[in-house]
1. If you take the residues in the range 126-152 that are surrounded by 16 or more Cβ atoms within 10 Å (Cβ to Cβ) and among the aliphatic types (A, V, I, L, M), which one is nearest to D162 (Cα to Cα)?
2. Given the conditions (1) outside any helix (DSSP H, G or I); (2) loosely packed, with under 14 Cβ neighbours inside 10 Å, which single one is not true for Q93?
3. Out of all the residues in the range 338-350, is one or more farther than 12 Å from E39 by Cα, at pLDDT 95 or above, β-branched (V, I, T) and buried (at least 16 other Cβ atoms within 10 Å of the Cβ)?
4. Can T227 be described as in contact with a Cys (Cβ under 8 Å, 6 or more places away or on another chain) and closer than 30 Å to L91 by Cα?
5. List pairs: first residue in the range 169-197 and over 17 Å from V220 (Cα atoms), second residue part of a loop (DSSP other than H, G, I, E, B) and at pLDDT 95 or above anywhere in the structure, Cβ distance under 7 angstrom, at least six positions apart or on different chains.
6. Please list, ordered by residue number, the strands (runs of 3 or more DSSP E) wholly in the range 252-333 having 1 or more residues that are of a type in the set (D, E, K, R) and within 25 Å of R361 (Cβ to Cβ).
Amino acid sequence: MSAQKNKGSVLLNLSVVLVVLAGIGVAVFLGFQGTARVEAVKRDTAVDAVTGNARVDADGGLKEVSSEVAGKVVWCEAIDPGRLFKAGEKLVQLDTSDLDRRIAETERNFKSAKERAKMILENNPERQVAQELVNNARRLRDRGEASEEQVRSLERALAAIDTKLKVTEFDDKKAEVDFNAAMEEMQLQREKMTIRAPSDGTIEGALTWKGALINAGKVVATWYSNTRVVTVKISEESFGKVKLGQPARLRLLTYGTQNYEAVVSKLLPTADDAQRFTVFLDVKVDPAKLFPNSTGEATITVDQRPNQVMIRRRALVDNERVFVVSGGRVQLRKVEVGYVALNVVEIRKGLEVGEHIIVDRLDEFRDGQQVRTELLK
């Protein structure tokens, strides 16, 4: 009885060991098997697209705003980098106190000279006396008590006074013209001491500060226009396919996978040094979201074919093969690629709708490898 009992105990222990070893074997097998992330082949619209490197620039590039006159900066808070501004908005103010004093002094001097001229021209006592003398001499002459020469002498004296008054009147009018010209010049100079924005834009950098003494022509700030220009560089062989009005998609590194709708707005018919042509896009997005000097990729749709076999572009191996998973095993299959878009490609031959293909970590799989699958939705 004791021997049988011991034998049963040994068999039980052996069974437990075998179960454990089997479990370890399965775990090891599954570990070596790996998990493939797959996606079912579907039908969709195949798009023939031209791709190229995209760039966003401000209209006219980086610009400068300068002072036309010399002076001392008394206010420049508006040239804070990154700040938006409108056309005509004050950006920098120079000290106008000296000029204001000159303007006030010029006005005082002119008004004083004007009053003096008025006193001379209106009710002039010297002319009144001369006129009375002429009148009396004429009466005396008419009575035979004065000679004609005496009358003419007094008339010449009156004429001399009238001439002097006319000169005074002329000088007064000239002084008024000169005053208006001087005031216009000083007012223009005063206006120039307020440095204003030439158009809508955004401050890129401030190049002056409060209290700074600047010369005429000094650049006080750099700025970008709020108008954006989006260009795409495409290859010479692709340029012939692109036409005005064709739809496009823009993806910028700034926003990751976000795509923006666009339309081809202009073609530049000359190539750069690398034989790439430039295409301009009208992007349907708030220009404030398009940062100057940002880059990315654009896809221009030049043709379409509906109801075609489509897969993700990242599933391609060496641009002509895919990993198909069937029955838990990987098959490296050659395919015929049709239209290629930014994220998807058309497959003309080699795949059927519903088959599962690996779409992630392609370098971890080999033809014939046994795998588990994780189906992406």
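The values are calculated or read from the model by the stated rules, or taken from the named source; none is laboratory data. As the structure is a prediction and not an experimental result, all values here were calculated from the model. With ideal geometry, Cβ positions are generated from the backbone for all residues, glycine too; neighbour counts draw on all protein chains shown.
1. So the residue we want is A130.
2. Answer for Q93: the failing condition is (2).
3. The answer is yes; a qualifying residue exists.
4. no
5. That search, which allows pairs on different chains as well, returns Q189/V69; R190/T96.
6. Values: elements: 259-271, 276-283, 295-312, 321-326.
Output list reads 295-312, 321-326.
Okay, residues lined up against (1) under 20 Å from I203 (Cβ atoms); (2) at pLDDT below 95; (3) exposed (fewer than 13 other Cβ atoms within 10 Å of the Cβ):
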site	(1), (2), (3)
G61	yes, yes, yes
A78	yes, no, no
R101	no, no, yes
N109	no, yes, yes
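To keep it simple, each residue is scored yes or no on (1) closer than 23 Å to A117 by Cβ; (2) touching a helix residue (DSSP H, G or I) at 6+ places or on another chain (Cβ under 8 Å); (3) outside any helix (DSSP H, G or I).
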residue	(1), (2), (3)
Q131	yes, yes, no
N135	no, no, no
R139	no, no, no
G144	no, no, yes
V151	no, yes, no
T163	yes, no, no
T168	yes, yes, no
F179	yes, yes, no
M186	yes, yes, no
